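As structure tokens, the structure follows; a few thoughts come after it.
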Amino acid sequence: MVPETAGVVAERREVQCVLRDGTRLRTTLLLPPGSGPWPALLTRHPYDVGSDEQDGRVDLDRFVAAGYLVALQDVRGRYGSEGTFDPSAQEVEDGADAVAWLAGLAECTGSVGMWGASYASETQFSALLGGSPALRSIVPAVTPVASGLRGFRFRGGVPEVGSMLAWSHYAIAPDRIAQIAAPDERAAEQARWGEVDRRFRSGELFRAGALHDDLDADETVAWMRDRLREPLDSPAHSVGKVTDIAAVDIPVFLVGGWFDVFLGSTLEMYRGLRESRAGTPEPHLLVGPWSHNNMTGRIGDLSFPGADTAADLGGHGDLTEQHLRWFDATLRGAATLDGVAPVRVYLMGADRWLALPEFPPAAATEVALHLTADGALRSAPGEDGAVPFVSDPANPVPTRGGATLLFPPFDPGPIDQAELETRADVVSWRTPPLTDELAVVGEVRAALWLATTGTDADIVVRLCDEHPDGRSILVADGIQRASARGVDEGTGAGTVAAVEPGRTEEYTVALWATAHAFQPGHRIRVDVTSSSSPRWEVGPNAFRGAGDPVVPAPAEHTIRVGDAFPSRLVLSVLPAQP
């Protein structure tokens, strides 16, 4: 039930939360009418919590009207809070202190829930791991906490240069520069920021080898650049991440998007929680046709009916109502989750919501579509053959849509790839037009047999829905660096080694997962290339050892197909509906 907000006016207080070391954090309290006490809902992030009162993903007035004490907090070193911002590392102790402080207020019952997206999802897990007995329930959205190697800093062993440098440059650096007290120091840092900005706009920052340039960047971008230079097994990539899933011992409701850069992490957290916990309620999962910052249902080249989070989502209520239903059940013991499926995902293509007991659904079966020498996708391997293309680091394939978090004009989402598919360095395979609907719900991966003339190779795979009018709409994509094929994405452990030129080996490229129904008359299409810039670092086609300089150079990649080398796309397919 949606709480009535008419006539309910929150009392607003600006207060200071004092941490164990004396640092004061700006906190805004929104109190329901009356004397309380109430259970509290807290969000903490570095993006100026003042904006949440009007522009957040949920309706705070309805939180208050439902009888919750709402707390909005700038993290250490950001906007109205004291201290120096140390991303992620500071949030374990600070988060635990903030929860304890809020729970101890006279207006609070001592029971706290947390909500928020992205960094504000990470602060939820950090507070829990810091020791917060008052924290009883969380709703993390688009969360990066499963691993730094699942689309946060790296994916498939390749640095996520576009999203990470954009985040540090645009979202974090301006406020950090504004806090520099000395005018000369502030001006110098602003000048360094300006040079980085120029290189953003010109594309220089994303050319092959640029990550290792000796650029005099501003402090924030330099910090992120140094993290991206760290080896995959560096402890730096585990800061702020959940390395022991069993430590998450409270109810968790995860929210994700099919086109979010952290989809892989969100789904991995759900999988881990479901396997490790037998508690009540079990973890819940909501995934829509959304990106990191767009939950309107209108994204990329498509609109998805019934997917605007401000409206009803398939009969389950809007996003605010789903938060309230969760918190009422987990903080107040209400029966509001009775009859609610623990998993709700939007089935793109069919434009409807699925209510499931788990994800991936147990009814889904793996279907392999084999790449053939004549450009077809078939259920069985064809004759042995080879499909070569040249990877030129000086002319990378541009990013068009996908699960990205970039900057204009590189929008996320389901965007037409037809123009890119005309390039000689993009090779494609497709099925005949389908005669029946085919619903892919679950994991997607490609297993490709590839040889290269270089000592390393990046392999980009895109799953597309080719429409009868010729549009090739991106559904899911992924990347794998050949030298990192043996690295565990959870821990970074494993061997990173050069590729032997000319040797054919099998490489698996994870496209994470999707829920997409290919319609009759449409074709399933898979594109393979070697780059997507500025999203991922442009590979040099040469193995870079520890500190070794490399010279980017063209290389010929050859995909082998057939019985001897069964390159294939593997889909999770639901049985046809009667």
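Below is a table of values for the structure above.
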{"quantity": "Of the criteria (1) touching a helix residue (DSSP H, G or I) at 6+ places or on another chain (Cβ under 6 Å); (2) open to solvent by less than 30 Å² (accessible area, probe 1.4 Å), which one V573 fails", "calculated": "(1)"}
{"quantity": "Count of region 89-103 residues which are open to solvent by less than 10 Å² (accessible area, probe 1.4 Å) and either closer than 22 Å to D175 by Cβ or assigned to a loop (DSSP other than H, G, I, E, B) (or both)", "calculated": "4"}
{"quantity": "Condition check for G470: open to solvent by 20 Å² or more (accessible area, probe 1.4 Å), at pLDDT 95 or above and either touching a Leu at 6+ places or on another chain (Cβ under 8 Å) or more than 28 Å from A553 (Cβ to Cβ) (or both)", "calculated": "yes"}
{"quantity": "Counted residues, region 417-459 - those being open to solvent by 30 Å² or more (accessible area, probe 1.4 Å) and among the small types (G, A, S)", "calculated": "3"}
{"quantity": "Residues (within 14 Å of L450 (Cβ to Cβ) and of a type in the set (F, W, Y)) located in region 521-576", "calculated": "F565"}
{"quantity": "Residues of region 232-281 that turn out to be open to solvent by 30 Å² or more (accessible area, probe 1.4 Å), in a helix (DSSP H, G or I) and of a type in the set (A, V, I, L, M), as a count", "calculated": "3"}
{"quantity": "Selection status of R462, open to solvent by 50 Å² or more (accessible area, probe 1.4 Å) and touching a residue at least 40 places away in the same chain (Cβ under 8 Å)", "calculated": "no"}
{"quantity": "Selection from region 104-123 of residues that are within 18 Å of D328 (Cβ to Cβ) and in a helix (DSSP H, G or I)", "calculated": "none"}
{"quantity": "Scope region 547-570; condition open to solvent by 50 Å² or more (accessible area, probe 1.4 Å), among the aliphatic types (A, V, I, L, M) and either over 20 Å from R445 (Cα atoms) or without any contact (Cβ under 8 Å) to a residue 12 or more places away in the chain (or both); matching residues", "calculated": "V551"}
{"quantity": "Residue that is surrounded by the fewest Cβ atoms within 10 Å (Cβ to Cβ) [pool: residues in region 204-231 that are aliphatic (A, V, I, L, M) and not in a helix (DSSP H, G or I)]", "calculated": "L215"}
{"quantity": "Flag if S265 is under 26 Å from R325 (Cα atoms), touching a residue at least 60 places away in the same chain (Cβ under 8 Å) and touching a Lys or Arg at 6+ places or on another chain (Cβ under 9 Å)", "calculated": "yes"}
{"quantity": "Residues within region 145-175 that are basic (K, R) and either part of a helix (DSSP H, G or I) or under 15 Å from E230 (Cα atoms) (or both), tallied", "calculated": "2"}
{"quantity": "Residue count, region 341-392 (criterion: assigned to a strand (DSSP E or B) and closer than 30 Å to A542 by Cβ)", "calculated": "8"}
{"quantity": "Check on Q16, out of contact with any Asp or Glu (no Cβ under 7 Å at 6 or more places or on another chain), assigned to a helix (DSSP H, G or I) and loosely packed, with under 15 Cβ neighbours inside 10 Å", "calculated": "no"}
{"quantity": "Selection within region 479-513 - crowded, with 22+ Cβ neighbours inside 10 Å and touching a helix residue (DSSP H, G or I) at 6+ places or on another chain (Cβ under 9 Å)", "calculated": "E489, G492, V499, W512, A513"}
{"quantity": "Options T372, T365; residue that is over 22 Å from the mean Cα position of the chain (by Cα), surrounded by 16 or more Cβ atoms within 10 Å (Cβ to Cβ) and in contact (Cβ under 8 Å) with a residue 12 or more places away in the chain", "calculated": "T372"}
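The values are calculated or read from the model by the stated rules, or taken from the named source; none is laboratory data. This one's a predicted model, so the numbers in the text were calculated from it and none came from an experiment. For neighbour counting, all protein chains shown are included, and Cβ atoms are generated from backbone atoms with ideal geometry for every residue, glycine included. Surface accessibility is based on the protein's heavy atoms, side chains included, excluding ligands, DNA and RNA. Shrake-Rupley method; radii C 1.70, N 1.55, O 1.52, S 1.80 Å.
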